[in-house]
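Take a look at the structure below.
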Amino acid sequence: MIEHQTVSARGGTFHVARTGSGPPLLLLHGWPEFWLTWEPVMQRLAGRFHLIAPDLRGFGASSKPAGPWGAAEHAADLVALLDALGLDRVGVVGHDVGGAIMQPLARLAPDRLAGLMFFGFVHPGIGARMGTPDRLNEIWYQSFHQMPMAPALVGATRDTCRAYIGHFLRHWSHRKDAFDPVMDAWVDNFMQPGNLEGGFAYYRAAHAARIAMLAGTAPPQPPIPLPTCVRWPEHDAIFPYAWTDTLHETFPDLDLASFPGVGHFPHREDPDRAAAEIAGFFGRVGGGR
């Protein structure tokens, strides 16, 4: 059984889905996602871990920001959420936006984290490669999300929302039918007032840092020495496996391997393997409390 609760923290309210018992693991979704993306993994790990899957601010049933809301703001939200939930220390699993947030979170509160488990995500070592011509064809949406008109265009009708959100869920997946059984739930979610704007708020906040990365002028970031596991999707349309070559510069305690046979969403495309990888890593490094 998955329990749903509303938690007040840092001036907002957060929808949190929880299940299982054991060491706590915090599951952080990306875009275009919300807590439900983790349900298959939660079902498989509930016998070994206490799973906590929040809707990030701006997403799902959580509060919406009044303006841009970037990785650092989300990280501060999550520390406050851990306090509100009475969790001293957790393992963290994430990808995409969730993976971007995990980096400032690890620098902000390293003593609160038992370890970091990533799938594909943006990290400093990617650098200007993010802006090569073949990549620009993939990340155009990040510029579109800067436009004030973007939520109105995407959310004009249920069909336009389905076409836009469904494009990314299918295009970024190697297993193209991975989201088909839950597509209506995804459209329902993003048609809720404020949820398109709330998700786009992350990209608006991240825009300056993205431009600096493309220009090669992003300031250096200190390494994150926490135990880190990365299982990079073999067929990720956004993040090629070649971009793992500099991960050790940010994560010196790194366990890196490819996640075969999946695209951008390993937790949905192959939840059996994703759950096994998560359990294996946190079985080795220990969990939270």
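The values are calculated or read from the model by the stated rules, or taken from the named source; none is laboratory data. Since the structure is predicted, the reported quantities are computational estimates derived from the model, not experimental observations. Virtual Cβ from ideal backbone geometry, glycine too; neighbours counted across all protein chains shown. Areas reflect the complete protein model, heavy atoms only, side chains present, ligands, DNA and RNA absent. Shrake-Rupley method; radii C 1.70, N 1.55, O 1.52, S 1.80 Å.
At-a-glance table
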read-out	value
Residue under evaluation residue 232, criteria (1) out of contact with any Phe, Trp or Tyr (no Cβ under 7 Å at 6 or more places or on another chain); (2) assigned to a strand (DSSP E or B), criterion not met	(1)
Wholly within the range 1-84, strands (runs of 3 or more DSSP E) carrying at least 2 residues that are of a type in the set (Phe, Trp, Tyr)	none
Residue satisfying condition, being without any contact (Cβ under 8 Å) to a residue 12 or more places away in the chain and either within 23 Å of residue 24 (Cβ to Cβ) or of a type outside the set (D, E, K, R) (or both), within set 252, 240, 260, 266	240
Qualifying residue in the range 89-96 (condition: of a type in the set (A, V, I, L, M, F, W, C), closer than 27 Å to residue 168 by Cβ and either surrounded by fewer than 24 Cβ atoms within 10 Å (Cβ to Cβ) or within 18 Å of the chain's Cα centre (by Cα) (or both))	yes
Matching residues in the range 66-81 - criterion: being more than 14 Å from residue 206 (Cα to Cα), surrounded by fewer than 23 Cβ atoms within 10 Å (Cβ to Cβ) and out of contact with any strand residue (DSSP E or B) (no Cβ under 6 Å at 6 or more places or on another chain)	66, 76, 79
Residue selected from the range 241-289 under the condition among the aromatic types (Phe, Trp, Tyr) and assigned to a loop (DSSP other than H, G, I, E, B), by the criterion nearest to the chain's Cα centre (by Cα)	265
Pair list, Cβ under 7 Å, 6 or more apart: the range 128-156 residue closer than 30 Å to residue 246 by Cα, other residue open to solvent by 30 Å² or more (accessible area, probe 1.4 Å) and in a loop (DSSP other than H, G, I, E, B)	128/216
Residues located in the range 178-191, provided they are part of a loop (DSSP other than H, G, I, E, B), open to solvent by 10 Å² or more (accessible area, probe 1.4 Å) and under 17 Å from residue 268 (Cα atoms)	178
Checking residue 181 against (1) more than 20 Å from residue 198 (Cβ to Cβ); (2) touching a helix residue (DSSP H, G or I) at 6+ places or on another chain (Cβ under 9 Å), the condition it does not meet	(2)
Filtered residue count, the range 192-228, keeping only those that are in a loop (DSSP other than H, G, I, E, B) and open to solvent by 70 Å² or more (accessible area, probe 1.4 Å)	9
Count - residues of the range 109-146 that are outside any helix (DSSP H, G or I), of a type in the set (A, V, I, L, M, F, W, C), open to solvent by 30 Å² or more (accessible area, probe 1.4 Å) and over 13 Å from residue 206 (Cβ atoms)	0
Some residue of the range 168-175 being farther than 29 Å from residue 91 by Cβ and either among the small types (Gly, Ala, Ser) or crowded, with 21+ Cβ neighbours inside 10 Å (or both)	no
Verdict on residue 154 being open to solvent by less than 60 Å² (accessible area, probe 1.4 Å) and under 19 Å from the mean Cα position of the chain (by Cα)	no
Some residue of the range 269-284 being more than 28 Å from residue 85 (Cα to Cα), open to solvent by less than 30 Å² (accessible area, probe 1.4 Å) and either touching a strand residue (DSSP E or B) at 6+ places or on another chain (Cβ under 7 Å) or of a type in the set (Gly, Ala, Ser) (or both)	no
